[in-house]
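Asker: Pasting a structure below so you can have a look.
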Amino acid sequence: MQSTASPVAAGLFEVRLHGRGGQGVVTAAELLSEAAFAEGRHAQAFPSFGSERTGAPVVSYCRIGDEVIRTREPVMEPHALVVQDATLLHQVDVFAGLRSDGWVLINSRETPGQLGIESLEAGHVLTVDATNLARQHVGRPMPNAALLGGLAAMTGIVHLDAVAAAIRAKFPGGIAEGNVSAAQAAYDLVSARKVG
């Protein structure tokens, strides 16, 4: 994967996050928007769900821009997708509207080929075992913070320091530090893959 300039230079950057109820999908979008805001940009985050229960598909959105963001519509043509549960890949059309040069980060220990999505643009889709990283660093299978670290490395949309600050502002002591460690681990893994 080639290193690219920060996508924010182009204006509005839109992220759609897919997961299941209870995985922290809504929190991930909020943390991403807080990280962007801390870096002096405009941001918004909001979920799309009804009466879902734990385990049901959930979608959350985040927009980051240099100007005030006035739209409140769902993100239909995302610059980046974060898929917190790979079982959704063949249940929900998570790739709907993805830009041709869009980024995809999937929580899985399998490769994109093993997941049956090798047709996506090479270098713009990566997998990271965020659930395992969360178990190691947080003690719970909550992949959201790790995936934010991976997204920061993959797209450059926010810096890891801003993600860490947002996590520390949201969670207390040890929980925060565990999530920051998981985000750092995912950031390092994705960064290593970008070089190679």
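The values are calculated or read from the model by the stated rules, or taken from the named source; none is laboratory data. Note that the coordinates shown come from a computational prediction; the quantities given were computed from them, not determined experimentally. No Cβ is skipped: glycine too gets one built from the backbone with ideal geometry, and neighbour counts run over all protein chains shown. Heads up: the accessible areas ignore ligands, DNA and RNA and are worked out on the full protein's heavy atoms, side chains in. Shrake-Rupley method; radii C 1.70, N 1.55, O 1.52, S 1.80 Å.
Asker: Only one residue in Val75, Val15 is modelled with pLDDT of 95 or more and either over 22 Å from Met142 (Cβ atoms) or part of a loop (DSSP other than H, G, I, E, B) (or both), so which one is that?
Answerer: Val75
Asker: Next question. Counting just the residues of segment 40-72 that are closer than 25 Å to Ser108 by Cα, assigned to a strand (DSSP E or B) and β-branched (Val, Ile, Thr), which one comes out modelled with the highest pLDDT?
Answerer: In the first step, residues of segment 40-72 are kept if they are closer than 25 Å to Ser108 by Cα; the result is 45-49, 52-63.
Okay, now just the ones that are also assigned to a strand (DSSP E or B), so 45-48, 57-63.
Retained after the next criterion (residues that are β-branched (Val, Ile, Thr)): 58-59.
Working: Val58: 92, Val59: 95.
Ranking the candidates gives Val59 first.
Asker: Somewhere in segment 32-49, is a residue aliphatic (A, V, I, L, M), open to solvent by 70 Å² or more (accessible area, probe 1.4 Å) and under 23 Å from Ala186 (Cα atoms)?
Answerer: Yes.
Asker: Mind counting the residues in segment 139-151 that are more than 15 Å from Gly174 (Cβ to Cβ) and in contact with a helix residue (DSSP H, G or I) (Cβ under 6 Å, 6 or more places away or on another chain)?
Answerer: Within segment 139-151, residues that are more than 15 Å from Gly174 (Cβ to Cβ) and in contact with a helix residue (DSSP H, G or I) (Cβ under 6 Å, 6 or more places away or on another chain) number 8.
Asker: Of all residues in segment 142-156, which are open to solvent by less than 10 Å² (accessible area, probe 1.4 Å) and in a loop (DSSP other than H, G, I, E, B)?
Answerer: Pro143
Asker: Counting just the residues of segment 62-82 that are open to solvent by 10 Å² or more (accessible area, probe 1.4 Å) and in contact with a strand residue (DSSP E or B) (Cβ under 6 Å, 6 or more places away or on another chain), which one comes out farthest from Leu148 (Cα to Cα)?
Answerer: Val68
Asker: To continue, here is another question. If I filter segment 157-171 for residues that are surrounded by 13 or more Cβ atoms within 10 Å (Cβ to Cβ), in a helix (DSSP H, G or I) and touching a His at 6+ places or on another chain (Cβ under 7 Å), do I get at least one hit?
Answerer: no
Asker: It is to be established whether one or more residues within segment 120-138 are out of contact with any helix residue (DSSP H, G or I) (no Cβ under 7 Å at 6 or more places or on another chain), in a helix (DSSP H, G or I) and closer than 19 Å to Ala35 by Cβ.
Answerer: No - not one qualifying residue is present in segment 120-138.
Asker: Filter segment 87-106 down to residues that are free of Cβ contacts under 8 Å to residues at least 60 places away in the same chain and in contact with a helix residue (DSSP H, G or I) (Cβ under 7 Å, 6 or more places away or on another chain) and give me whichever is least open to solvent (accessible area, probe 1.4 Å).
Answerer: So the residue we want is Ile106.
Residue by residue, here is whether (1) within 28 Å of Gln44 (Cβ to Cβ); (2) surrounded by 21 or more Cβ atoms within 10 Å (Cβ to Cβ); (3) of a type in the set (S, T, N, Q) holds:
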{"residue": "Asp85", "(1), (2), (3)": "yes, yes, no"}
{"residue": "Thr111", "(1), (2), (3)": "no, no, yes"}
{"residue": "Gln136", "(1), (2), (3)": "no, no, yes"}
{"residue": "Arg140", "(1), (2), (3)": "yes, no, no"}
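Asker: Quickly run through segment 185-196 and pick out the residues that are closer than 25 Å to Arg41 by Cα and surrounded by 19 or more Cβ atoms within 10 Å (Cβ to Cβ).
Answerer: Of everything in segment 185-196, those that are closer than 25 Å to Arg41 by Cα and surrounded by 19 or more Cβ atoms within 10 Å (Cβ to Cβ) turn out to be Ala186, Tyr187, Val190.
Asker: Same structure, new question: Just checking, how many residues over segment 30-44 are of a type outside the set (Lys, Arg), without any contact (Cβ under 8 Å) to a residue 60 or more places away in the chain and farther than 12 Å from Lys170 by Cβ? I'd like the intermediate steps shown before the answer.
Answerer: Within segment 30-44, the subset of a type outside the set (Lys, Arg) is 30-40, 42-44.
Retained after the next criterion (residues that are without any contact (Cβ under 8 Å) to a residue 60 or more places away in the chain): 33, 37, 40, 42-44.
Add one more test, that the residue is farther than 12 Å from Lys170 by Cβ, and what stays is 37, 40, 42-44.
Number satisfying all stated conditions: 5.
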